[in-house]
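*Asks:* Provided herewith is a single structure, encoded as structure tokens, for subsequent inquiry.
Values quoted throughout were computed directly from the atomic coordinates according to the rules given, and no laboratory measurement underlies them. Because the structure is predicted, anything quoted here is derived from the model rather than measured. Heads up, the Cβs are rebuilt from the backbone with ideal geometry, glycines too, and the neighbour counts pull from every protein chain shown.
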Amino acid sequence: MRKSAADRFRHLFNRSLVFVRNQQNQQHHRLSPIPLSSSPFSSMASDSPFPVTAQNINPQVLKCQYAVRGEIVTLAQNLQKDLQANPGAHSFDEIIYCNIGNPQSLGQQPITFFREVLALCDYPALLDKSETQGLFSADSIERAWQIVDQIPGRATGAYSHSQGIQGLRDTIAAGIGERDGFPCNADDIFLTDGASPAVHMMMQLLTRSEKDGILCPIPQYPLYSASITLHGGHLVPYYLDEATGWGLEISELKKQLEDAKSKGINVRALVVINPGNPTGQVLAEENQRAIVEFCKKEGLVLLADEVYQENVYVPEKKFHSFKKVSRSMGYGDNDLCLVSFQSVSKGYHGECGKRGGYMEVTGFSPDVREQIYKVASVNLCSNITGQILASLIMSPPKVGDESYESFMAEKNAILSSLTKRAKSLEEALNKLEGVTCNKAEGAMYLFPRIRLPEKAIKAAEAEKTAPDAFYCKRLLNATGIVVVPGSGFGQVPGTWHFRCTILPQEDRIPAIVTRLTEFHEKFMNEFRD
Amino acid sequence: MPPKPLDYESINENVKKAQYAVRGELYLRATELQKEGKKIIFTNVGNPHALGQKPLTFPRQVVALCQAPFLLDDPNVGLLFPADAIARAKQYLSITSGGLGAYSDSRGIPGVRKEVAEFIQRRDGYPSDPELIYLTDGASKAVMQTLNTIIKGEGDGIMVPVPQYPLYSATIALLGGTLVPYYLEETANWGLDTNELRKSITEGRRKGLNVKAMVIINPGNPTGQCLSAENLREVLQFCYDENLVLLGDEVYQTNIYQDERPFISSKKVLMDIGPPLSKEVQLVSFHSVSKGFLGECGQRGGYFEMTNIPPETVDEIYKVASISLSPNVPAQIFMGLMVNPPKPGDISYDQFFRESKGILESLRRRARIMTDGFNSCRNVVCNFTEGAMYSFPQVRLPPKALEAAKQAGKVADVFYCLKLLEATGISTVPGSGFGQKDGVFHLRTTILPAEEEMPAIMDSFKKFNDEFMEQYEDHRGYSRL
């Protein structure tokens, strides 16, 4: 049935009202995470002028935030375009992206052995050619054969089993077993397009309503806050203690848990990021045991984000998986619900663009496992390259393999360089006026605390910006260096931080330190009380 | 002992509600039988390479080179790779910021999005803006992201064809929305009738739903029909009149097996109509590297293109995309190669053309073999597979069979398909997984088994079906409409 002329006029009139409202709302849109009020939904088409406008899309989409690629990055990209159009217009000639843990975008080289195997799996016809032996190491050829033989029909382009190729999961399970000294069941592994989709799956599974809460560290990697928001749940913060190297206190966990319960929140899980992001601390084993005990006692699912397990830079700390810790305490599948996340994006391999990762899910019933499988199956499977890479990082070349020496040389070079860069950047930051920076024991970031003078805070307020965002924007405009304001990760109210990666190549670090130091001096001089 | 958070009773109800038959009961039974040593022919999912289709050579060469850039420095690389693959790999590496191992822009590599825009422009004859094209880890992710943006809660209705590809029903359930079905007409070759659309939306609104979007799958899955330009015009007019966003799933656009209705994109038809519709109807179009002749399902590569979506909404969609950081980079390269393949004169052109033509012509033949094979069974009626990768025959089941199914506690087509599986090893998906009219039963199979195996497979099916009918036939009549 066609709309009458009167209907159509009303329709258009309503649309123009919404358009005007949208214009007015746009100012507030990006800077604050305050949700736009959603228009009341109605059963008649003419009351909601557009099917898809910012007024009537899913309000959880509007609410969620992800600062790592948020406002500051958009500003940086605009500046970059400007630099290309008007070289010399700024006091720097390039943007240095220190906002994101993306090593290979800043010059880190991939591990040769892994890329050899992947190339052979991408183009298996190479395996039948004699010339291949002249271009690839023998053990990479052998490993590629092994892998393609685990794939039905050698079809690397086919959808696999929804949990990932069985043979690859077997390899990963063996790798986990070797790492921890406790066995791992390949059926507990779900290969995913990076660790992030696995986190989303668990948030989806655990969240029934806004009354369901997830304990998250503050500061945290904002995937967690964004995911909880998208799934309509409630983030229950627990504060890491900056004064004690970002220590995780059980008393703080208890306090926050009780507080949430008293507000009628059903707390379901505890997220622990170890090594920490953005904070970089590596948990002591004792601390981990207390956390396991806490989760068991309170009936919480332990969500262990362990993607930085290979990034430990201090001799006095070692990575221990929560799986190992809980099994060494005698706790098995009947005692604790534990989900551990790993990724190919970090470590020494840094293969972010491949989107590879997995979660190991232990301690839950077969009928829940069925549900997780079902959700995974709707997306059919994760990308095969990422699956293969996940198996490679959990079973790298061993002593005696042809590629072992060169592999170890590459790996050690990357890790020792990261250790050096973590140290030199941390030292430089600690020299700045009013800045204190905890050591990066692990991961890829530094999270210095900046103490901003009152004048600066007022100037920020005048610009309707958070003080740390104000500082970061000034830093960007003066130096081209992109960091993420601490408010994107959460911090104790009234304190300000920013997160900076340790990833620019070693030879660029001195220049970065110089520019940062000069900027900070000028900034403090401008706003000194 | 209070229930634990990951005990069955404590998990998200939406997860429990969602169903995805393509890898559901039949598939799980098939994998069990396979473990016991039975030979299984998996025709449950559109997964060409798993059934012997070979990947095209050129894309695999380019991606392998991108994967191992040190090869490009080796003087002997020309012994293994043609010059145009080498050049293309170099070109792709130069437009990434860190090769295949770095997160790209959350929307995808700008240079590849440009290639996609140029492809769309060539295909449709209208300009396409790369800024409104987002690459994703498969078209499924694009569909999920789009539906997540639209659906606020169970008050929001999404019109979906019946039968449909159950990604839609599963995703709507997971997101807590409501599916509003519109029935395709089997006797009219699975045609789409605007009367049926109106009936469907009226029913949805009567239930108090805010119906916001309409999905079309063109060519259809599981039904295979190719929509005419006229049909698409009607659909677009309907969306304009009823204020719906059109979601155009076009992943099978190069799988066309008849000449009467070539593929025409929803975008082209919309632009052809002209203003006001072309400026106002909101449209999101999906494509993938998994289908066509590439069949690269395992790469997880896709894109969506937005038309007439307001900038503030695009910003929100970008924000959500950024949480997942970036789509996987190798698949982005596959997408670039799909939309911008070798051209006449390129070294690899002949081989590429030969490989792709061979696959499409074989699919066309197999579509015919399968349709004819099903139609030669007296209780089976099968519309021709005009496009996509599936055959969706209607199987008329006698009352005794329906009774037996009931006794076994199974839906009738699940019962039939399980028996088919046990007898022949052919793993299909029951029509109930896609939706069908009450009392009418189908199964979905793919047309993907190797051509030389097709006759044997159809014979095997026919033999089983004859025996089944022998067992359950009762001369009083059949189940159908």
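*Asks:* Tell me whether segment A:369-470 comes out rounded, prolate or oblate; compute the Cα gyration tensor, take square roots of the eigenvalues as a ≥ b ≥ c, and use a/c under 1.5 as the rounded threshold.
*Replies:* oblate
*Asks:* If you rank A:T229, A:T479 by fewest surrounding Cβ atoms within 10 Å, what's the result?
*Replies:* Numbers: A:T229 25, A:T479 21.
Ordered from fewest to most neighbouring Cβ atoms within 10 Å, A:T229, A:T479 come out as A:T479, A:T229.
*Asks:* Normalised by the residues of segment A:421-529, what does the relative contact order come to in percent, with Cα pairs under 8 Å and at least six apart?
*Replies:* Value for segment A:421-529: 32 percent.
*Asks:* Please sort by residue number the trypsin sites (Lys or Arg not before Pro) in segment A:425-503 whose DSSP state is loop and whose Cβ has at most 15 other Cβ atoms within 10 Å. Can you show the working numbers first?
*Replies:* Numbers: sites: A:K431, A:K439, A:R449, A:R451, A:K455, A:K458, A:K464, A:K473, A:R474, A:R499; in loops: A:K439, A:R451, A:K464.
For trypsin sites (Lys or Arg not before Pro) across segment A:425-503 that sit outside H, G, I, E and B with at most 15 neighbouring Cβ atoms in 10 Å, the list reads A:R451, A:K464.
*Asks:* How high is the relative contact order of chain A? Use alpha-carbon pairs under 8 Å, at least six apart in sequence, and give a whole percent. If you can, show how the numbers build up before the last one.
*Replies:* Working: 902 pairs, mean separation 98.2, N = 529.
Averaging sequence separation for qualifying contacts and normalising by length gives 19 percent for chain A.
*Asks:* Moving to a separate point now. Give the average, rounded to an integer, of partner chain Cβ atoms located within 10 angstrom of each Cβ in A:55-68.
*Replies:* On the way: counts 3, 6, 10, 13, 2, 7, 11, 5, 0, 4, 2, 8, 1, 3.
Per residue, the average neighbour count from other chains is 5.
*Asks:* Still on this structure, I have one more. Determine the shielding of peptide A:366-375 by partner chains: average, over its residues, the number of Cβ atoms on other chains within 10 angstrom of each Cβ. List each step's numbers first, then the result.
*Replies:* On the way: counts 1, 5, 10, 2, 3, 7, 3, 2, 9, 7.
Mean inter-chain Cβ contacts per residue within 10 Å come to 5.
*Asks:* Thinking of segment B:41-163 as a set of Cα atoms, what percent of all their pairs are more than 25 Å apart?
*Replies:* In whole percent, the long-distance tail amounts to 49.
*Asks:* If you don't mind, there's one more thing I want to ask. Express in whole angstrom the spacing between the alpha-carbon centres of segment A:188-237 and segment B:1-80.
*Replies:* Spelled out, the Cα-based centre of one part sits 25 Å from the other.
*Asks:* Sticking with this one: Give me the distance in nm between label points sitting 7 Å out from Cα along the Cα-to-Cβ direction at B:V381 and B:Q237, one decimal.
*Replies:* With each label placed 7 Å out from Cα toward Cβ, I get 2.9 nm.
*Asks:* Modelling each spin label as a point 7 Å along the Cα-to-Cβ direction, I'd like the B:A229/B:D129 distance in nm, to one decimal.
*Replies:* For the pair B:A229/B:D129, the computed spacing is 2.6 nm.
*Asks:* I would also like to ask the following. Using only C-alpha positions, report the orientation-averaged shadow area of the convex hull of the protein assembly as shown, nm², one decimal.
*Replies:* So the mean shadow area of the Cα hull is 41.1 nm².
*Asks:* To continue, here is another question. Divide the volume of the convex hull of the Cα atoms of chain B by its number of residues and quote the answer in cubic angstrom per residue.
*Replies:* Cα convex hull per residue, to the nearest whole number: 185 Å³.
*Asks:* Please list the equivalent ellipsoid semi-axes of segment B:187-294, computed as the square roots of five times the alpha-carbon gyration tensor eigenvalues, in descending order and whole angstrom.
*Replies:* That gives 24, 16, 14 Å for the three semi-axes.
*Asks:* Taking 0.36 nm per intervening residue step and subtracting the Cα-Cα distance, what contour gain separates B:N195 from B:D259 on full extension? Numbers along the way, then the final one.
*Replies:* On the way: separation 64, 0.36 × 64 = 23.04 nm, distance 2.70 nm.
Answer, rounded to one decimal: 20.3 nm.
*Asks:* Exposed loop GluC sites (Glu not before Pro) only (DSSP loop, at most 10 other Cβ atoms within 10 Å): please give the longest stretch of chain B free of them, not including the sites. Each step should come with its number before you reach the end.
*Replies:* Details: sites that count: B:E36, B:E260.
Excluding the exposed sites themselves, the longest stretch runs over B:37-259.
*Asks:* Let me know the shape class of segment B:241-312, please: from the alpha-carbon gyration tensor, a ≥ b ≥ c as square roots of the eigenvalues, rounded when a/c is under 1.5, otherwise prolate if a/b is greater than b/c, or oblate. Walk me through the intermediate numbers first.
*Replies:* Working: a/c = 3.20, a/b = 1.50, b/c = 2.14.
Taking the square roots of the gyration eigenvalues as a ≥ b ≥ c, segment B:241-312 is oblate.
*Asks:* Compute the normalised compactness of segment A:284-340: alpha-carbon radius of gyration over 2.2 N^0.38 Å, N being the residue count.
*Replies:* Compactness ratio reported: 1.14.
*Asks:* Can you pull the mean other chain C-beta count within 10 Å for peptide B:241-248?
*Replies:* Counting Cβ atoms of other protein chains within 10 Å of each residue's Cβ and averaging gives 4.
*Asks:* Roughly speaking, what % of Cα-Cα pairs in segment B:332-433 are separated by over 15 Å, rounded to a whole number? Provide the component values of the computation, followed by the final result.
*Replies:* Numbers: 3818 of 5151 pairs.
Considering segment B:332-433, 74 percent of its Cα-Cα pairs are separated by more than 15 Å.
*Asks:* Looking at chain A, do any whole DSSP H helices span at least 30 angstrom along their long axis by alpha carbon and average -1.0 or above on Kyte-Doolittle, and which?
*Replies:* Counting only whole DSSP H runs, the qualifying helices are A:404-431.
*Asks:* Tell me whether segment B:135-261 comes out rounded, prolate or oblate; compute the Cα gyration tensor, take square roots of the eigenvalues as a ≥ b ≥ c, and use a/c under 1.5 as the rounded threshold.
*Replies:* Oblate.
*Asks:* Just list whichever of A:K346/A:K522; A:K346/B:K291; B:K114/B:K343 have alpha carbons separated by over 25 Å in the model shown.
*Replies:* A:K346/A:K522; A:K346/B:K291
*Asks:* OK, next. What Kirkwood hydrodynamic radius do you get for segment B:163-216 when you take the inverse of the mean 1/r over all pairs of distinct Cα atoms, in Å?
*Replies:* 12.1 Å
*Asks:* A further question follows. Which value at 222 nm does the protein assembly as shown reach when only helices count, each DSSP H run of 4 or more adding -39,500 (n - 2.57), with the total divided by all residues and rounded to the nearest 500 deg cm²/dmol?
*Replies:* About -14000 deg cm²/dmol.
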